[in-house]
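Each reported figure results from applying straightforward, stated rules to the coordinates on display, with no laboratory input. Note that the coordinates shown come from a computational prediction; the quantities given were computed from them, not determined experimentally. Counting neighbours? That spans all protein chains shown, and the Cβs are built from the backbone with ideal geometry, glycine included.
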Amino acid sequence: MFKLKMPTDPRWDDVAEKNLEEVLTDHAYCEQKAASSAISFIVTFPEHLELVEAMADLAQEEMDHFQQVIKKMKARGFVLGRERKDPYVHDLQAFFEKGGSRKQVLVNRLLLAAMIEARSCERFRILSENLNDDELSEFYARLMKSEANHYSLFLQLAKKYGGDEIDVESIWNSFLIFEGRVMQNYGTKEQMHG
């Protein structure tokens, strides 16, 4: 579905299982950042009502996911640690040239969000299939479907706002190749994208 070019390193599920508190902490902050990103779309591009409405719904859903992760942590006696930097997202941003038209900036940000959701969905699938904790496995199976919907939403909005002026499909295909190269450096850290 996502056409990701590089699957997650098979060692990652073992790293995640052994460092569950760290992965859940990182996941909680990923949800918080996703909510913040949705709000940023609203503030930066208020002229696009469909985008504003979609991002308002998304921000609420992401904060709901944040709360759900916190509850899972609390139930296991885990404590939310400090926020970690996400070098994966930083590395992805290098694909896009700085500046450009307002429309290009919007499309680039939507494609970046789509890629993050696609990789998160893949990671959630791995967790849902491999965790020894049945409750968390079911939790990640549910979240995986949600992330797939977010991926589709961002890609659909990128195509809508790119219109005939921006070849979104071509950019996306190049971005998939770039992300595959980036992923060669990830898969062994106790982070959602690590």
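Computed quantities for the displayed model
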| quantity | calculated |
| --- | --- |
| Estimated [θ] at 222 nm from DSSP helical runs (n ≥ 4, -39500 (n - 2.57)) normalised by residues in the chain, nearest 500 | -24500 deg cm²/dmol |
| Linear extension gain, residue 3 paired with residue 74, 0.36 nm per residue minus alpha-carbon span | 22.0 nm |
| Sequence-distant aspartates and glutamates (8 or more away, or on other chains) whose Cα lies within less than 14 Å of residue 189 | 9, 13, 14, 17, 21, 22, 26, 86 |
| Net charge of neighbours whose Cβ lies under 11 Å from the Cβ of residue 48, counting Lys and Arg as +1 and Asp and Glu as -1 | 0 |
| Prolate/oblate/rounded call for segment 1-118, Cα gyration tensor, a/c under 1.5 rounded | oblate |
| Ranking of 84, 123, 181 by count of other Cβ atoms within 10 Å, fewest first | 181, 84, 123 |
| Within segment 148-178, backbone nitrogen closer than 20 Å to the virtual label 7 Å beyond the Cα of residue 40 toward Cβ | 150-159, 161-162, 172, 175-176 |
| Simple Cβ-charge dipole of the chain, Lys/Arg +1 and Asp/Glu -1, about Cα centre, in debye nearest 20 | 380 debye |
| Cβ-defined net charge surrounding residue 147, 11 Å radius [Lys, Arg +1; Asp, Glu -1] | 0 |
| Residue pairs, from the table 5/33; 3/71; 3/160; 5/72; 5/159; 18/71, whose Cα atoms sit over 23 Å apart | 5/33; 3/71; 5/72 |
